[in-house]
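Below is one structure, written out as C-alpha cells, with a few remarks after it.
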There are 2 protein chains.
Amino acid sequence: MRIGELSERTGTPRRLLRYYEEQTLILPDRSANGYREYDERIVDRVMQIRGLLDAGLPTRIIKQILPCLDKPKVIHISDATPEMIATLELERDRMTSRVNCLTRNRDAIAEYLDAVRGDVRSAGAVARA
Amino acid sequence: MRIGELSERTGTPRRLLRYYEEQTLILPDRSANGYREYDERIVDRVMQIRGLLDAGLPTRIIKQILPCLDKPKVIHISDATPEMIATLELERDRMTSRVNCLTRNRDAIAEYLDAVRGDVRSAGAVARA
DNA sequence: GTTGACCCTCACATGGATGTGATGGTTCGA
DNA sequence: TCGAACCATCACATCCATGTGAGGGTCAAC
C-alpha cells in the first residue's frame, strides 16, 4: 500500500510516517516512480510506534526495542551486545515504573469518578468519614 | 523547605520546579524575602508530576487530574463540571491504553531478555515453538 | 491532454519540556 | 565585612514530535 492508505488505516499523518522513516523506525521500499510502498505488516508496527510514543518513549528508544519484538525473536539474539542488553533492561524497568505510576493514578481517577457519579448522600458520607 | 532542598529530594532541577509552578501544578508560598517555601507534602506531589510527565501526560492534563487525587476527595466533588468529568473519563481510558501498550511491550522485552540470557539451546527451542 | 488526486522533497514553524546563563538580592559564617 | 551559597527573575537556546506549505512529479479518468 502507499502512504495515503497507511495514513488512513493507522490514523497517522503522512508527515509522521515520513518522520518515522527518517528515524529509521520503518523502512518502506520504493516503487519505480519513487513512491513509498508499505507492506501489510507495517500497519501493526505503526500502531505500536504510536502507542509507545504516546506512552512517553522517544523514537531513539523505540528504535532499539522494536527489533526484539518481532515474532521470530531468535534472529536478533545473535547480535545482542552487552550494552544493548543493559539498555533494554533499563528500559524494561522504566516501563514498569511508568505502568505502576499510570495504574496508580488511573485507579485514583476511576475512584474519584465513581465517587462523583455516586449520589450526593454517599459523597457526603465519604466527606464525614 | 526551600527550592534547593526540594530539588535534591525529588531529583528535579530547580528550573523545572519553577516551571511546574508557572503551569500552576504547585503553589508554594513565599517567605518574607521572596524565597519559595515548600510544604513537606509537595515532595510526593512533585514525584507524581514527574511520573505522569514521564508517562507522556502534558502538564495541562496533569493539572486537571491532580486535584482529584488528593486524599480528602470530597472537597473537590462539588465543583466537578460535566466537561471536567468527561475529560477525566477520557483521560482515564487513555491511561488504560497506555498501560496496556506499555505492559505488552515490556513483557515482550522481558521475554526477549530471558531468551537472550538463556543458553543457545533454549533460544533454539523458542524458535522452533 | 488536461484535471484532480495522489506522491515526492525540502524547509520553515510551533509547542512543550528542559538547559543555560546573565544579573542581582539575601543570608550566614569566617 | 567579605565571600560563598543560597535565592530571585528573565531571556534565550535546545530537543523532539508535530504542523504547514511551497514547488514539483505521476497517473488515471474524463
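For the stretch A:1-106, what is one quarter of the convex hull surface built on the Cα atoms, given in nm²?
Details: hull surface 32.2 nm².
Taking the Cα atoms of the stretch A:1-106, their convex hull projects to 8.0 nm² on average.
Treating only the Cα positions of the protein assembly as shown as identical point scatterers, give the base-10 log of I(q)/I(0) from the Debye formula at each q in 0.09, 0.11, 0.17 Å⁻¹.
Relative scattering, expressed as log10 I(q)/I(0), comes to -0.57, -0.79, -1.26.
In terms of solvent-accessible area of protein heavy atoms at a 1.4 angstrom probe, what is the ranking of B:117, B:104, highest value first? Can you show the working numbers first?
Details: B:117 125, B:104 150 Å².
Largest accessible area first, the residues go B:104, B:117.
What does the helix-only formula give at 222 nm for chain B: each DSSP H stretch with n ≥ 4 adding -39500 (n - 2.57), the total divided by the residues, and the result rounded to the nearest 500 deg cm²/dmol?
Working: 7 runs with 86 residues, N = 129.
After summing the helix terms and dividing by residue count, I get -21000 deg cm²/dmol.
Could you tell me how many degrees, from 0 to 90 and to the nearest 10, lie between the Cα long axis of helix B:82-117 and the main elongation axis, the longest principal axis, of the Cα atoms of chain B?
Value to nearest ten degrees: 40.
What nm value, rounded to one decimal, do you get for the distance between residue A:27 and residue B:83 when each label is placed 7 Å out toward the C-beta?
A separation of 4.8 nm, rounded to one decimal place.
Over the stretch B:1-57, how many percent of alpha carbon pairs lie in each 5 Å bin up to the one with the longest distance?
4, 20, 33, 29, 10, 4, 1, 0
The values are calculated or read from the model by the stated rules, or taken from the named source; none is laboratory data. Note that the structure is predicted; figures quoted are calculated from it, not measured. No Cβ is skipped: glycine too gets one built from the backbone with ideal geometry, and neighbour counts run over all protein chains shown. When the accessible area is computed, the model is the full protein with side chains, heavy atoms only, and any ligands, DNA or RNA have been set aside. Shrake-Rupley method; radii C 1.70, N 1.55, O 1.52, S 1.80 Å.
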